[in-house]
Structures are given as structure tokens and as C-alpha cells.
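*Asks:* Supplied in C-alpha cells, the structure appears directly below.
The values are calculated or read from the model by the stated rules, or taken from the named source; none is laboratory data. Every value quoted in this text rests on a predicted model; they were computed, and no experiment measured them. When we count neighbours, we look across all protein chains shown, and the Cβ atoms used for this are built from the backbone with ideal geometry, even at glycine. Heads up: the accessible areas ignore ligands, DNA and RNA and are worked out on the full protein's heavy atoms, side chains in. Shrake-Rupley method; radii C 1.70, N 1.55, O 1.52, S 1.80 Å.
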Amino acid sequence: EEQAGLERFNALIAEDSRIEPRDWMPEAYRKTLTRQISQHAHSEIIGMQPEANWITRAPSLKRKAILIAKVQDEAGHGLYLYSAAETLGTPRDVLNEQLLSGKAKYSSIFNYPARSWADMGAIGWLVDGAAIANQVPLCRASYGPYGRAMVRICKEESFHQRQGFEILLELAHGTEAQKTMAQDAINRFYAPSLMMFGPPDTDSPNSQQSMEWKIKRFSNDELRQRFVGMIAEQVKVLGLTLPDPELRFDEEAGQWLHKDLDWDEFKAVIAGNGPCNAQRLERRREAHENGAWVREAAAAYAAKKAQKAQV
Ligand code: 3HC
């Protein structure tokens, strides 16, 4: 049974097909997908916080409406991804407990503060831009529910990236103070957004297996370089600069080179010691408690409905 299952699994992976929830799969495949998908979901939910702080401070009704729509989208992304993770057998409240207890990771980027309105532009353009660069290949992940969730998420991320770019474009063509605010936001979010792609390939314990199982289609460094190439061109349209004196295209290697990133800072942030880790988890715990009555009411309603159905 196990042998036949493994052969079928390997054949599906080899022919670039999808593994579906009811297919036999190696426990390690199930485990690494539960890890990646649930942490991806946690990132979406925690990622709502930096922007939520600016909804009441948006400079116009238009900007407020767009920001509310974007933050709502992120909640939906979390929902799709928790649902995809649950198809692998771990219930959502267990996944949620892993986040609330500090055991599970979520994207490092959300542990940085959003200090000015221009940060809403830098987050949209750089953070959601990096997410698109990382997530488009995930649309072809070998695990069906994950790849399919990515298709819709990527479509919505491109709206997030465009609205962020437009915020920066307006500021870059505004007063000197606005232009300075936009450049400052880019300066603060550039390196942390490059770290979203994960550690260097030489220090990426999950990559090899994830690439063999066609969960990860390109390496961390490859996607990072691809992303740098995109923003190196886009920043010219803004008339602003990227804070990277070593940024250049290496004709020979055919790839973009960027400055060294601070991997000690990265390790500190994902170990829970970034600028905002404590407040992000505190806020999440508080929101979870405040929402307990909704979960209880929904459960009571469902129980009553089930009882009626039996009568
Ligand atoms: N933040 C936090 N943890 C990170 C990280 C980051 N930026 N990059 C890597 N890590 C963690 C990994 O989770 C792994 O730890 P674990 O084994 O305990 O899970 C460890 O560092 C080593 O990294 P690896 O490269 O070996 O791990 P992966 O093969 O999983 O690659 C990844 C990391 C590229 C982030 C991959 O997990 C991935 O593609 N995940 C899905 C995409 C995702 O999570 N994106 C979040 C972006 S935020 C977002 O999408 C919200 C949007 O609105 C902007």
C-alpha cells in the first residue's frame, strides 16, 4: 500500500501533476506544506496590522477606501491559506495556537514599524511586490489547494502593489517634504523586503526538498534577484533611488547584484526580537480574545441548526 502510494506520488510529481488532499503523500511532504502554508497564512493576518494603523490617518477618503479594501483582502488571503492548510489534517485552532504562542513563524517584514503615510506606498510597492515575485511561482506548487489559492491571491496582490506605487508616485511629484518622506520610506523598507525571500540559498534548509517536491520552483536568491531587477527599473519612474550603492546588473552572470543583507538582523527578527514582534503578537492575542464571542455564537448557532435537522 505504502510502496504503491509512494510510486504514484513520485509519478505525479515527475509529470508535474497536482497532489490532492486525498492522495497518498509522504508524511514529510504533508509536514513541510503545513509548515509553509500556515506560516504564509499567519503572515497575511499579522500583515494587516502595519497598514491598519494608517486607515484612520489616510490623507483622503479615496486613500482610506483603498487601504480598507487592501487590509480586508489580506484577511481573505489568510482565510484561503488556513483552509488550504487544514486540508492536510491540522485544524485551524491548532495552527492559530502555534501563532499565538509564538511557536510559528510569520514573515519577518511585518515586524518593522510603519512610521509615515509614505510607508503605505513602500509596503504596497515593495512588500506586496516581493510577495508577488515569490507567489506567482507558487501558483504551480505541486499541492493542489495551495497552488489554486495562490492564483486569486496573486491577482489581488497586483492591485496592492499598484496602489502602493501610485501613493509613492503622487508623493514623489509633490512637495519637497513629500518627496523626502517617500524616499525615507523606501530607504527603510528596501533591505527588509529583500529578506522576505528567505535566507541565502547556502543557508536554506528547506529549499532542496521543497524544490524536489516542486513546492518551491525557484531558489530564494533567484527570486530575490528577479525582484531587485524589477524595482531597479520601477524606481526610475518615481524619480527616487534605492538605498543600494552596489546595485547593478552583472552582464556576465546575467543577474542583478545587490548589497549584502544583514542576516544577523534577519535571524534576530525571526527569533522574535525585531522592532515590533512583541506588539504584533500582543495585538493578535487581544484581537483573538475580543473575537471569542463571535466563535461561540457561530458554534451555538451551528449546534442548534444540527439539532433541528435531527428532529
Ligand atoms: N520571515 C520569517 N521566516 C522566514 C522568512 C521570512 N522572510 N524566510 C525564511 N523563513 C524561515 C522559514 O520558514 C524556515 O523556518 P521553518 O523551517 O521553521 O519554517 C527558515 O527561515 C529557513 O528558511 P528556508 O528558506 O529553508 O524556508 P522555506 O523553504 O520555507 O522558504 C519562504 C522560505 C521563501 C518564505 C517560503 O516559505 C515561502 O515561499 N513561503 C510562502 C510565501 C510567504 O510566506 N510569503 C509571506 C510574505 S508576506 C505576504 O504574503 C503578505 C502579503 O500581503 C504581502
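*Asks:* Consider HIS42 against the criteria (1) open to solvent by 30 Å² or more (accessible area, probe 1.4 Å); (2) in a helix (DSSP H, G or I): it satisfies all of them except one. Which criterion is unmet?
*Replies:* (1)
*Asks:* Sticking with this structure for a sec: So the check is Cβ under 6 Å with 6+ separation or different chains; which pairs have a first residue in the range 120-133 that's at negative phi and a second one that's acidic (Asp, Glu) and within 9 Å of the ligand (Cβ to nearest atom)?
*Replies:* Pairs found: ASP128/GLU157; ALA131/GLU157; ILE132/GLU157.
*Asks:* Tell me, please, whether a residue that is touching a Lys or Arg at 6+ places or on another chain (Cβ under 6 Å), within 22 Å of GLY76 (Cα to Cα) and either surrounded by 18 or more Cβ atoms within 10 Å (Cβ to Cβ) or among the hydroxyl-bearing types (Ser, Thr, Tyr) (or both) can be found in the range 152-162. Lay out the reasoning, then the answer.
*Replies:* First pass over the range 152-162, keeping only residues touching a Lys or Arg at 6+ places or on another chain (Cβ under 6 Å): 160.
Next cut, within 22 Å of GLY76 (Cα to Cα) only: 160.
Of the ones still in play, those that are also either surrounded by 18 or more Cβ atoms within 10 Å (Cβ to Cβ) or among the hydroxyl-bearing types (Ser, Thr, Tyr) (or both) are 160.
Yes: the range 152-162 contains one or more residues that are touching a Lys or Arg at 6+ places or on another chain (Cβ under 6 Å), within 22 Å of GLY76 (Cα to Cα) and either surrounded by 18 or more Cβ atoms within 10 Å (Cβ to Cβ) or among the hydroxyl-bearing types (Ser, Thr, Tyr) (or both).
*Asks:* Quick check on the range 48-79: of everything there that is in contact with a Lys or Arg (Cβ under 7 Å, 6 or more places away or on another chain) and within 15 Å of the ligand (Cβ to nearest atom), which residue is most open to solvent (accessible area, probe 1.4 Å)?
*Replies:* Among residues in the range 48-79 that are in contact with a Lys or Arg (Cβ under 7 Å, 6 or more places away or on another chain) and within 15 Å of the ligand (Cβ to nearest atom), the one most open to solvent (accessible area, probe 1.4 Å) is GLN49.
*Asks:* Looking only at the range 70-91, decide whether some residue is closer than 30 Å to PHE165 by Cα, under 16 Å from the mean Cα position of the chain (by Cα) and not in a helix (DSSP H, G or I).
*Replies:* No, the range 70-91 contains no residue that is closer than 30 Å to PHE165 by Cα, under 16 Å from the mean Cα position of the chain (by Cα) and not in a helix (DSSP H, G or I).
*Asks:* How about the range 1-39: which of its residues are acidic (Asp, Glu) and open to solvent by less than 40 Å² (accessible area, probe 1.4 Å)? Walk me through how you get there before you give the answer.
*Replies:* Taking the range 1-39 first, the residues acidic (Asp, Glu) are 1-2, 7, 15-16, 20, 23, 27.
ASP23, the sole residue that qualifies.
*Asks:* Another question about this same structure. Does GLY129 satisfy the condition of being among the small types (Gly, Ala, Ser) and either outside any helix (DSSP H, G or I) or surrounded by fewer than 19 Cβ atoms within 10 Å (Cβ to Cβ) (or both)?
*Replies:* Numbers: among the small types (Gly, Ala, Ser): yes; either outside any helix (DSSP H, G or I) or surrounded by fewer than 19 Cβ atoms within 10 Å (Cβ to Cβ) (or both): no.
No; evaluated as a whole, the condition is false for this residue.
*Asks:* Name the single residue, out of those in the range 238-275 being on the phi > 0 side of the Ramachandran plot and in a loop (DSSP other than H, G, I, E, B), that is surrounded by the fewest Cβ atoms within 10 Å (Cβ to Cβ). Write out each step before concluding.
*Replies:* As a first pass, look at the range 238-275 and keep what is on the phi > 0 side of the Ramachandran plot: 239, 254, 272.
Those left that are additionally in a loop (DSSP other than H, G, I, E, B): 239, 254.
Numbers: GLY239: 13, GLY254: 8.
The qualifying residue surrounded by the fewest Cβ atoms within 10 Å (Cβ to Cβ) is GLY254.
*Asks:* Across the range 209-231, which residue is nearest to the chain's Cα centre (by Cα) among those that are more than 24 Å from GLN161 (Cβ to Cβ) and assigned to a helix (DSSP H, G or I)?
*Replies:* First pass over the range 209-231, keeping only residues more than 24 Å from GLN161 (Cβ to Cβ): 209-214.
In the following step, the residues that additionally are assigned to a helix (DSSP H, G or I) were identified as 209-212.
Values: GLN209: 21, SER210: 17, MET211: 19, GLU212: 22 Å.
Here the residue is SER210.
*Asks:* Moving on. What number of residues in the range 171-208 are in a helix (DSSP H, G or I), surrounded by 14 or more Cβ atoms within 10 Å (Cβ to Cβ) and touching a residue at least 40 places away in the same chain (Cβ under 8 Å)?
*Replies:* 21
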